[in-house]
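Following: one structure in structure tokens, then a few remarks.
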Amino acid sequence: MQKDVMTVEGEAALRTELEHLIKVVRPGIIESIATAREHGDLKENAEYHAAREQQSFAEGRIQAIEGKLSHSQVIDISQIPQGDRVIFGSTVTMINMDTDAKVTYRIVGDDEASVKEGKISYQSPIARAMISKEIGDVVVVKAPSGDVEYEIDDVLKKGMNNNKLTVHQLGRGHIWLDLGTPQAIFEASSVLSV
């Protein structure tokens, strides 16, 4: 059986959804069914049929999530050393060779993918073209309108330092605040008091 590959964040989101379905949605549906039964004839009771349909949907989703979690392979990229190679979980900035437009995507599991959030499935054509490439490499993405060439501009491993804030005191009232990524390092003009 094939494993469902996902990031730590993706697994946490599924577990949160599962807990919500079991502890909040399921009891609410049971209550709705009980209330609808009190109204009498079940054959012509729209509330009852709607509640049973909601129950079917919720139970199906619970089973689907439990199945995915039981067959999941969670990859914690914070445990992988930072490098220039694109791997699952990387955030990759690419430059379109024709238009010079920059795009940034994070390679994630199927359930986590959301183009609006800049997250693409590791099975998508663009992610398959990028995986194992390094900064400076040119990748060709097969698109319906034809091949598109991108140059890999930056590779960032999200989850570095487990997103913990590290404070480095430099003296003279200056500190560096470091979240573990080059984009998240900035200088502050005063020392934080704890």
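Observations on the structure shown:
- Heavy atoms of the protein chains alone define the surface here; on that basis the range 1-94 has 63 Å² accessible area per residue at 1.4 Å probe size.
- Solvent-accessible area, 1.4 Å probe, carbon plus sulfur percent, for the range 1-61: 54
- Local electrostatic count at GLN54 - Lys and Arg +1, Asp and Glu -1, tallied over other residues with Cβ under 11 Å: 0
- Residues with amide H under 5 Å from that of SER90, placed H, sequence gap 5 or more: ILE107
- Debye equation applied to the C-alpha atoms of the range 1-103, log10 I(q)/I(0) at 0.13, 0.21 Å⁻¹: -0.69, -1.05
- Highest average packing first - 50-58, 140-148, Cβ atoms within 10 Å: 50-58, 140-148
- For GLU134, the shell of other residues with beta-carbons less than 14 Å away shows a net charge of -2, using +1 for Lys and Arg and -1 for Asp and Glu.
- Burial ranking of peptide ranges 124-137, 34-47 (average Cβ count within 10 Å, highest at the top): 124-137, 34-47
- Entry note, the range 91-146: relative contact order of 20 percent, from Cα contacts under 8 Å with a spacing of 6+ residues.
- For the range 18-89, a simple Cβ point-charge model (Lys and Arg +1, Asp and Glu -1, everything else neutral) yields a dipole of about 200 debye relative to the Cα centre.
- At an R0 of 25 angstrom, the distance between the Cβ atoms of SER56 and GLU19 translates into a FRET efficiency of 0.80.
The values are calculated or read from the model by the stated rules, or taken from the named source; none is laboratory data. These figures come from a predicted structure and were not determined experimentally. All Cβ positions, glycine included, derive from the backbone under ideal geometry; neighbour counts span all protein chains shown. Note: areas computed on protein heavy atoms with side chains; ligands, DNA, RNA excluded. Shrake-Rupley method; radii C 1.70, N 1.55, O 1.52, S 1.80 Å.
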